[in-house]
Amino acid sequence: MELLFATSNLNKVREANDVGRRFGVRFRQVRFPYPEVRSESVADVALDGVRFVYPMVKKPVIVEDSGLFIEALNGFPGTYSRFVFDKIGLNGVLALMRGKSDRRAYFASAVGFSDGRIVKAFEGFSEGAIARSVKGKSGFGYDPVFIPAGSKRTFAEDFSLKERVSHRAIAFRLLCEWLANRGSSKPAGRSRL
Ligand code: IMP
């Protein structure tokens with residue numbers, strides 16, 4: 001099946017299709033800008049976004065909101081990750097982390113789905129730590145400074161790991177499992193990657 005994905009970020013579409021391929025779901029990018037509600041929850045932003053987009057496309061559609069939450073900075077930049085990235089970049093974030101021994105952080109992703117009847121969010125999280133310098137060339141955004149738990153390399157250095165364990169991979173896998181089970185009587189799964 002094909003599902004519309006309202007986003008301006010082609011990297012997100014690629015990562016979604018890496019998961020969708022295994023379930024026979026193809027995500028097709030559509031560019032419908034939507035206002036992002038002010039909330040610290042990626043699920044709130046995704047649900048609000050998809051409620052805005054569905055009446056315009058009138059077809060089953062998803063939006064995705066994501067962010068990096070740094071423990072030592074009380075969850076900053078969180079849902080404001082894109083704004084902070086555009087303003088101060090990776091080196092700006094590393095400067096905020098200078099002298100901090102607690103490097104723990106996590107990525108969160110929420111996919112908001114609507115088919116006009118059902119509006120639903122699927123969330124994925126990826127735990128890890130903020131690197132001490134920028135490393136690697138793959139991916140986008142904060143990938144060069146995020147080291148997933150259990151690894152020594154950033155997502156930008158080990159993109160195949162990102163494809164398997166990222167917040168986005170988990171959220172899209174939950175969506176695809178739910179889509180696959182919708183036609184059957186099986187409840188939506190919560191299995192992990
Ligand atoms: P939004 O979901 O479009 O609001 O953007 C969230 C921002 O968080 C992105 O622009 C990136 O800066 C950052 N971000 C979200 N997911 C990822 C990821 O998988 N890797 C690196 N940065 C990410």
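The values are calculated or read from the model by the stated rules, or taken from the named source; none is laboratory data. Computed from a prediction, not measured in an experiment: that's the story for all the values here. Neighbour counts are summed over all protein chains in view; Cβ atoms, including those assigned to glycine, are modelled from backbone coordinates with ideal geometry. Quick note on the areas: whole protein, heavy atoms, side chains included, nothing else; ligands and nucleic acids left out. Shrake-Rupley method; radii C 1.70, N 1.55, O 1.52, S 1.80 Å.
Side notes on the structure shown:
- Within a Gaussian network of the chain (alpha carbon springs, distance under 10 Å), most fluctuating of 92, 20, 150: 150
- For the chain, the tally of Lys pairs with Cα-Cα distances below 24 Å comes to 21, considering only residues 8 or more apart or on different chains.
- Of the residues 38, 21, 98, ranked by 1.4 Å probe accessible area with the largest first, the sequence reads 38, 98, 21.
- Label-to-label distance, residue 23 versus residue 94, with points set 7 angstrom from Cα along the beta-carbon direction: 3.6 nm.
- With the helix formula -39500 (n - 2.57) applied to DSSP H stretches of n ≥ 4, the chain reaches a computed 222 nm mean residue ellipticity of -11000 deg cm²/dmol.
- Rounded percent of accessible protein surface that carbon and sulfur make up, the range 70-137, 1.4 Å probe: 50 percent
- Given their separation in residues at 0.36 nm each and the Cα-Cα distance between them, residue 101 and residue 51 gain 13.9 nm when the chain is fully extended.
- Per-residue ³J(HN,Hα) for the range 92-104, Karplus 6.51 cos²θ - 1.76 cosθ + 1.60, θ = phi - 60°, Hz, x for Gly and Pro: x, 5, 5, 5, 5, 8, 4, x, 8, 8, 7, 9, 5
- Per residue, the accessible area of the range 2-188 comes to 50 Å², computed with a 1.4 Å probe over protein heavy atoms only.
- Taking the Cα centre of the range 45-193 as origin and assigning +1 to Lys and Arg Cβ atoms and -1 to Asp and Glu Cβ atoms, the resulting dipole is close to 200 debye.
- Relative contact order [Cα under 8 Å, 6+ residues apart], the chain, whole percent: 19 percent
- Ranked order, 58, 120, 137, 162 - accessible area, probe 1.4 Å, largest first: 137, 58, 120, 162
- Modelled FRET efficiency - R0 25 Å, residue 32 with residue 118, Cβ distances, 0.05 increments: 0.85
- Relative to one another, the C-alpha centroids of the range 25-65 and the range 128-146 are positioned 26 Å apart.
- Furthest towards positive pole of dipole, 81, 165, 147, structure part the chain, Cβ charges: 165
- The stretch between residue 86 and residue 11 holds 25.4 nm of extra length on full extension. This uses 0.36 nm per residue minus the Cα-Cα distance.
- DSSP-defined beta bridges in the range 2-188 - what % are antiparallel, rounded to 5: 80 percent
- Distances between placed amide hydrogens fall under 5 Å for residue 26 paired with 2, 3, all partners being 5 or more residues away or on another chain.
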